[in-house]
Amino acid sequence: MTFLQYLNTLITMVKRNPEIEDYEVIYSADDEGNSYHKVVFTPTVMKSKGLENSYIEANSVKDTREGDVICIN
């Protein structure tokens, strides 16, 4: 999913359900939903390796043009 797709989904969700704008944001720790945690940090642009694999390495970048992913936590 691209950042634009993600952003458009969020915008559509809030337009259809304005009450959700005050909801906490959480994430699933795995794809089976075995645990959930709050999103704590603002999104960060990072450079990734292994994006096509199940294990992704990511590093912070100083210039957003060097990045290729958005990390939400």
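The values are calculated or read from the model by the stated rules, or taken from the named source; none is laboratory data. As the structure is a prediction and not an experimental result, all values here were calculated from the model. Positions of Cβ are generated from backbone atoms using ideal geometry, with glycine treated the same way; all protein chains shown enter the neighbour counts.
Among Ser54, Ser35, Ser48, Ser28, which is the only one that is over 20 Å from Met1 (Cβ atoms) and either of a type in the set (Ser, Thr, Tyr) or under 14 Å from the mean Cα position of the chain (by Cα) (or both)?
Ser35 is the lone residue from the list that is over 20 Å from Met1 (Cβ atoms) and either of a type in the set (Ser, Thr, Tyr) or under 14 Å from the mean Cα position of the chain (by Cα) (or both).
Give me the pairs: first residue in region 51-73 and farther than 22 Å from Tyr27 by Cα and part of a helix (DSSP H, G or I), second residue hydrophobic (A, V, I, L, M, F, W, C) and at pLDDT 90 or above, beta-carbon distance under 6 Å, and six or more apart or on different chains, which are they?
Thr64/Val45
Can Ala29 be described as under 22 Å from Leu10 (Cβ atoms) and touching a His at 6+ places or on another chain (Cβ under 8 Å)?
For Ala29, the condition - under 22 Å from Leu10 (Cβ atoms) and touching a His at 6+ places or on another chain (Cβ under 8 Å) - is met.
Just give me the residues in region 27-56 being surrounded by 11 or more Cβ atoms within 10 Å (Cβ to Cβ) and modelled with pLDDT of 90 or more, in sequence order.
Passing the criteria: Tyr27, Ser28, Val39, Pro43, Thr44, Val45, Met46, Lys47, Ser48, Lys49.
Would region 7-24 turn up any residue that is touching a residue at least 40 places away in the same chain (Cβ under 8 Å) and either surrounded by 10 or more Cβ atoms within 10 Å (Cβ to Cβ) or not charged (D, E, K, R) (or both)?
No, region 7-24 contains no residue that is touching a residue at least 40 places away in the same chain (Cβ under 8 Å) and either surrounded by 10 or more Cβ atoms within 10 Å (Cβ to Cβ) or not charged (D, E, K, R) (or both).
Tally up the residues in region 1-56 that are touching a helix residue (DSSP H, G or I) at 6+ places or on another chain (Cβ under 8 Å) and in the same structural domain as Gly67 (by TED's automatic domain parsing), please.
Of the residues in region 1-56, 2 are touching a helix residue (DSSP H, G or I) at 6+ places or on another chain (Cβ under 8 Å) and in the same structural domain as Gly67 (by TED's automatic domain parsing).
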